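Where a number appears in this text, it was derived from the coordinates with a stated rule and is not lab data. For clarity, every value in this text was computed on a predicted model and none was experimentally measured. Here the Cβ positions follow ideal geometry from the backbone for every residue, glycine too, while neighbour counts run over all protein chains shown.
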Amino acid sequence: FLRMTRWRFLLPLLTLAACRSNPHDNAPGSPPKNEIPASVQELYKQVNANPDSAGLRLQLVDALDSAGAGPQAMVQMDSLIRKDSLNYGLWFRKALLQRDAKDTTGALHSFRNAIHIYPAADAQLAAADLLAGKKDATALLLTKQVAEQRIGREYTAHCDFINGIYYARTGQTKKALESFNACIYNDFNYAEAYMEKGFIYYQAKQYKEAVQVFQTLVKIRNTYADGFYWLGKCYETMGDKAAAIPNYQRALTLDPGIKEAAAALQRLGAG
């Protein structure tokens, strides 16, 4: 059980040429009218009335994505890409949709297309993040290319974090810790790097070290529920029930969706 929210890249501005579309492009995959919000239905009408408007179609993509209608959003993205297949922003947006849908293979394909058109750092890092999780060393090549651009400490921190993920997933603990420490050096508030460090120590049964990491995290991010949960988990594993309970309670207050924290409190007789 590793609760964690990865960093997200900002969606770049899409440089769109006018996309001439057949009105019938809207039909495939469109959900039944009674299953989508009225606002989305209205966008469908606007797109049908203005099939050449890439802006409207992108609004529909975002609305469908927000409504949980991923396949329908993908239909709209494919319609845009058919008319403008050399648009970096469209391929990047499609890759994000695929990534969020857990279609890693499709996302990597779309990221590669985006990078081929324009090797932007965001696309390279997003692809590297997926590759690192798959234990693919290509992730290190991509982060190296981005780091060499010297864009700024924020991007350097992202590179170090992704490197750490690759090393952690491939069992290279020392290199993983070095990478996460480098990430934190460049961005002291990089919560996910603290989480990964804590996981490494916890899995190695170095609970005191894990506690120190999670304590630092909740000091700098006192609304970070996962940090409190894992702090409680460490204390419970160490047999310190009195210290575990308030951290589980704090985690559950910040995020009632952490069912593991509720279960832990029940287990400790504090539920």
Chymotrypsin sites (Phe, Trp or Tyr not before Pro) within region 99-205: which are DSSP loop residues with at most 15 other Cβ atoms inside 10 Å? F188
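Restricting to DSSP H runs of at least four residues, report the calculated mean residue ellipticity at 222 nm for the chain, -39500 (n - 2.57) per run over all residues, nearest 500 deg cm²/dmol. If you can, show how the numbers build up before the last one.
On the way: 14 runs with 183 residues, N = 271.
So the calculated ellipticity at 222 nm is -21500 deg cm²/dmol.
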How much length is gained if the chain between D255 and K102 is pulled fully straight, taking 0.36 nm per residue apart and subtracting their Cα-Cα distance, in nm to one decimal? 52.7 nm
Using the Karplus curve 6.51 cos²θ - 1.76 cosθ + 1.60 with θ = phi - 60°, what ³J(HN,Hα) values do you get for each residue of region 257-271, in whole Hz, with x for Gly and Pro? x, 7, 5, 5, 5, 5, 5, 5, 5, 4, 4, 8, x, 10, x
Per-bin percent of Cα-Cα distances, region 111-270 [5 Å]: 2, 10, 17, 17, 16, 13, 11, 7, 4, 2, 1, 0
Note the angle between two axes, namely the Cα long axis of helix 191-203 and the longest principal axis of the Cα atoms of the chain, as a number of degrees from 0 to 90, rounded to the nearest 10. 50 degrees
Can you tell me the orientation of helix 70-83 relative to the chain, as the angle in degrees between its alpha-carbon axis and the longest Cα principal axis, to the nearest 10? 50 degrees
What are the radius of gyration and Dmax of the chain, computed over its Cα atoms and given in Å? 21.9, 65
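Cα convex hull of region 43-156: mean projected area in nm², to one decimal?
Approximately 7.5 nm², given one-decimal rounding.
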From the cross-link list K102/K259; K135/K219; K45/K83, which pairs have alpha carbons spaced over 24 Å apart? K135/K219
Below 8 Å, C-alpha to C-alpha, sequence gap of six or more: please give me the relative contact order for the chain in percent. 10 percent
The chain: angle of helix 138-147 to the longest principal axis, Cα-based, in degrees nearest 10: 90 degrees
Suppose R0 equals 35 Å; then what is the FRET efficiency for K241 and T173 from their Cβ-Cβ distance, rounded to the nearest 0.05? 0.75
Regarding region 145-218, what whole-number volume in Å³ per residue does the convex hull of its Cα atoms give? 70 Å³
Any chance you could run the full-extension gain for R221 through R150? It's 0.36 nm times the residue separation minus the Cα-Cα distance, nm to one decimal. 22.8 nm
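What's the FRET efficiency of A49 with F188 using the Cβ-Cβ distance as r and R₀ = 51 Å, to the nearest 0.05?
Given R0 = 51 Å and the Cβ-Cβ separation, E is 0.50.
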